[in-house]
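Okay, so here's the structure we're looking at.
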Amino acid sequence: MSSKLIRGCVYLSAAVTFASLLFILLYIFINGLPHLNSDILSWKFTTDNQSLIPSLITTFIVLGLTLLIATPIGVFTGFYLVEYAKRGNKVVEVIRMATDTLAAIPSIVYGLFGMLFFVTFLGFQYSVAAGVLTSVIMVLPLIIRSTEEALMAVNDSLREASFGLGAGKLRTIFRVVLPVAMPGILSGVILASGRVIGETAALMYTLGTSSNLPSGLFSSGRTLALHMYVLSNEGIHVNESFATGVVLIIFVLIVNGLSTFLSNKLAKGTK
Amino acid sequence: MSKISIKDMNLWYGDFQALHGVSLEIPQNEITAFIGPSGCGKSTLIKSLNRMNDLVEGCRIEGDILLDGKDIYKSNTNVNTLRKDVGMVFQQPNPFPMSIYNNIAYGPRTHGVKDKKELDEIVEKSLRDAAIWDEVKDDLNKNALSISGGQQQRICIARALAVQPEVLLMDEPTSALDPISTAKIEELVTELKEKYTIVMVTHNMQQASRVSDHTAFFFNGYIIESGDTRKMFTNPKKKQTEDYISGRFG
């Protein structure tokens, strides 16, 4: 009897999860697809056509620059924490606490910090630079944490084997540890990408909401998610907002698919 | 002739003293076995011989360990060169998650061998010396983790041989293997002593008596007795040794 009940609950939960996901997808596609016309995909944003192309390109720019800065810093910090720092070191404890705390902070707090520090104090204005630096701070804990976990999951016997053959620390890390930890590190970077793509609150006050393509590092723009937020916030372009949602979802699906493909490919070489 | 001399050595992990006044001569081109119950210090001593203990935090050593008359704990010792000369095979087979070829070539590449032809030769020779060439010669590009545990351990031995060490340390190399693989490795070890000085930690008394020329019996961080294996197993001088090898404790 009770096993039947549990089985029922399991099936029900799975069905609810799947159904709600399907419902959201369908809802956005049904409302958005009909409005995904040439106006919305035209090169320039004007009052007549709420084009999302500038936002799409800005999303690529912000995402690319953020990862370019955050990935090396995050990955090397992870390496320091696991491979170099002595166990029980006070600095390590402080860095860990800081990353854990940062990871739990709501993104609007990052947005306010970015506005006060980058936009106002450093005088960046609403700009790509301010937006990117704010996103970097936001995703660093994710990358550090996942790198740390991926490295700690690498069996110590492999490190011993490498040292036992007379290899130094650097060679051990790059030739033996890194390839094994790669899929885990990559999944952290993907998680970070997802966070940047979906971010609105932290970018609103740093990147700004200019509808045109930014002309340089110190000019404002908007990412797809921001674009969607602004359109629906204004209340008169809800249809275009849904169409943007469709593009955003397709974008996320492509990023996810690509990363799964990549990490499978990497993992194949090591397993 | 002694390849390694250990003189009055003490070792601490933090506050815990793991080895007390250990002295031992390890003769060249012979097999020396370390036996004794768990936690008696035999693995600790073998790991001191190529300074793998350096990786353990809070490990402190007093006394001398001489390799060919030179103190390996001197401050100007190059640890990487030492570990090239004193190779190690571990308890659990630990091949790298890469092809068999790259596993063997890892050591030589570390020490600067780049020429493809030279690497090919080293790989073949090492695999032949480790008596596994015939089993894997057609699968050199196969991942080393896809072969059996016994084969993996021989790959690890070949990997250690590829950097042309003078001494081979083996820390319970057969404890994770089945009897057939164990027999193969024991046979291999007796062949290898022609070229290498071998030190082997074992839990298995039969193994020590079958394979080794010299035996050191450890208990609670002290070497209780050491000497010729056959003499020690037929006519131990100390009561504790007799009790241990006759299976009364341990």
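The values are calculated or read from the model by the stated rules, or taken from the named source; none is laboratory data. Please read all numbers here as calculations on a predicted model, not as lab measurements. Neighbour counts are summed over all protein chains in view; Cβ atoms, including those assigned to glycine, are modelled from backbone coordinates with ideal geometry. Protein only, heavy atoms only, side chains kept; ligands, DNA and RNA dropped before computing areas. Shrake-Rupley method; radii C 1.70, N 1.55, O 1.52, S 1.80 Å.
Observations, loosely collected:
- Here segment A:212-234 is scanned for amide nitrogen atoms under 19 Å from the site 7 Å beyond the Cα of A:Ile108 along Cα-to-Cβ, giving A:225-234.
- For segment A:37-113, trypsin sites (Lys or Arg not before Pro) are listed when DSSP marks them as loop and at most 13 other Cβ atoms sit within 10 Å of their Cβ; the list is A:Lys44, A:Lys86, A:Arg87.
- Here each label is just a point 7 Å from Cα along the line to Cβ, and for B:Asp8 and A:Ile249 those points are 8.0 nm apart.
- Label-to-label distance for A:Glu149 and A:Met97 is 2.2 nm, based on points extended 7 Å past Cα in the beta-carbon direction.
- Global form of segment B:128-198, assessed from the alpha-carbon gyration tensor, a/c cut-off 1.5: oblate
- Between 0 and 90 degrees, the angle of helix A:2-32 with respect to the longest Cα principal axis of chain A falls at about 50 degrees.
- The protein assembly as shown: C-alpha gyration tensor shape, a/c 1.5 cut-off, then a/b vs b/c: prolate
- For segment B:8-32 and segment A:130-188, distance of Cα centres in Å: 35
- In chain B, Cα pairs under 8 Å separated by at least six residues give a relative contact order of 28 percent.
- Distance between the pseudo-spin-label points of A:Lys44 and B:Gln206 (7 Å out from Cα toward the beta carbon): 8.9 nm.
- For segment A:37-84, the list of chymotrypsin sites (Phe, Trp or Tyr not before Pro) that fall in a loop by DSSP and count at most 14 other C-beta atoms within 10 angstrom reads A:Trp43.
- Inter-chain neighbour count for A:76-82: the average number of beta-carbon atoms from partner chains within 10 Å of each residue's beta-carbon is 0.
- The residue list B:Thr202, B:Leu82, B:Leu169 was ranked by how far each Cα lies along the charge dipole of chain B toward its positive end, using unit charges on Cβ atoms, and B:Leu82 comes out on top.
- Atom-type composition of the exposed protein surface of chain A places 71 percent of the accessible area on carbon and sulfur (1.4 angstrom probe).
- Rounded to 5, the percent of DSSP beta bridges in segment B:154-250 classed as antiparallel: 55
- Residues whose amide H comes within less than 5 Å of that of B:Ser99, counting only those at least five positions distant or on another chain, are B:Ala144 (H built at 1.01 Å from N in the peptide plane).
- Solvent-accessible surface (1.4 angstrom probe) belonging to A:Leu122, in square angstrom, nearest 10: 80
- 3J(HN,Hα) along segment B:34-43: 9, 10, x, x, 4, x, 8, x, 5, 5 Hz, from the Karplus curve 6.51 cos²θ - 1.76 cosθ + 1.60 with θ = phi - 60°, whole Hz, x for Gly and Pro.
- Note on A:156-162: average number of Cβ atoms from other chains within 10 Å of each residue's Cβ is 6.
- Potential lengthening of the chain between A:Tyr84 and A:Asn256 amounts to 58.7 nm, from the contour at 0.36 nm per residue minus the alpha-carbon distance.
- Computed per residue of chain A from DSSP H runs no shorter than four, each worth -39500 (n - 2.57), the mean residue ellipticity at 222 nm is -23000 deg cm²/dmol.
- Where segment B:5-97 is the region considered: accessible area per residue in Å², 1.4 Å probe: 41
- Remark: segment A:116-271 carries 43 Å² of accessible area per residue (probe radius 1.4 Å; ligands, DNA and RNA excluded).
- Proximal lysines to B:Lys195, defined as alpha-carbon separation beneath 22 angstrom and excluding residues fewer than eight positions away on the same chain: B:Lys3, B:Lys47, B:Lys70, B:Lys84, B:Lys125, B:Lys184
- Most mobile listed residue (B:Pro236, B:Pro93, B:Pro179) in chain B, GNM with C-alpha springs under 10 Å: B:Pro179
- Working note: Karplus 6.51/-1.76/1.60 with θ = phi - 60° gives segment A:105-110 the couplings 6, x, 5, 5, 5, 4 Hz, where Gly and Pro are set to x.
- In a simple Cβ point-charge model (Lys, Arg +1; Asp, Glu -1; nothing else charged), the protein assembly as shown has a dipole of about 160 debye relative to its Cα centre.
- The calculated FRET efficiency for the pair B:His111 and A:Arg195, based on their C-beta separation and a Förster distance of 41 Å, comes to about 0.40.
- The Cβ shell under 10 Å around A:Gly131 holds other residues with a net charge of 0, Lys and Arg each +1, Asp and Glu each -1.
- Given charges at Cβ of Lys, Arg, Asp, Glu: segment B:1-159 dipole, positive-most of B:Ile31, B:Gly69, B:Asn53: B:Asn53
- Alpha-carbon centroid distance for the pair segment B:156-181 / segment B:198-250, whole angstrom: 21
- Subtracting the Cα-Cα distance of B:Arg230 and B:Ser146 from their residue separation scaled by 0.36 nm leaves 26.3 nm.
- In chain B, helical runs assigned H by DSSP with n ≥ 4 each contribute -39500 (n - 2.57); averaged across all residues and rounded to the nearest 500, the mean residue ellipticity at 222 nm is -10000 deg cm²/dmol.
- Summed buried accessible area for A+B [probe radius 1.4 Å, Å², rounded to 100]: 1800
- The heavy atoms of B:Asp64 offer some 60 square angstrom of accessible surface to a 1.4 angstrom probe.
- Sites B:Glu25 and A:Phe76 - FRET efficiency at Förster radius 45 Å, r taken between beta-carbons, to 0.05: 0.45
- Amide H contacts of B:Ile224 (H built 1.01 Å from N, under 5 Å, at least 5 apart or other chain): B:Phe217, B:Phe218, B:Phe219
- Overall form of chain A per C-alpha gyration tensor (a/c, 1.5; a/b vs b/c): oblate
- Listed values for segment A:189-200 are Karplus-derived 3J(HN,Hα) couplings in whole Hz (6.51 cos²θ - 1.76 cosθ + 1.60, θ = phi - 60°), namely 5, 5, 4, 4, 4, x, 5, 5, 4, x, 6, 10, and x replaces Gly and Pro.
- Top of A:Gly32, A:Gly131, A:Gly164 by mean-square fluctuation, Gaussian network on chain A, Cα under 10 Å: A:Gly164
- GNM on chain B, alpha-carbon springs under 10 angstrom: the most fluctuating residue among B:Ser126, B:Ser75, B:Ser23 is B:Ser75.
- Using a Förster distance of 25 Å, the FRET efficiency for A:Lys169-B:Phe16 (Cβ separation, nearest 0.05): 0.40
- Carbon plus sulfur fraction of accessible area for segment B:2-245, probe 1.4 Å, in percent: 46
- DSSP-loop chymotrypsin sites (Phe, Trp or Tyr not before Pro) across segment B:219-250, with at most 15 other Cβ within 10 angstrom: B:Phe249
- In this Cβ point-charge picture (+1 for Lys and Arg, -1 for Asp and Glu), chain B has a dipole of about 160 debye about its Cα centre.
- Whole-angstrom gap from segment A:1-41 to segment A:197-271, using each part's C-alpha centre: 21
- For the residues of A:125-131, the average number of beta carbons from a partner chain within 10 Å of their own beta carbon is 0.
- When trypsin sites (Lys or Arg not before Pro) are flagged only if DSSP places them in a loop and at most 14 other Cβ atoms lie within 10 Å, the longest unflagged stretch of chain B comes out as B:1-73.
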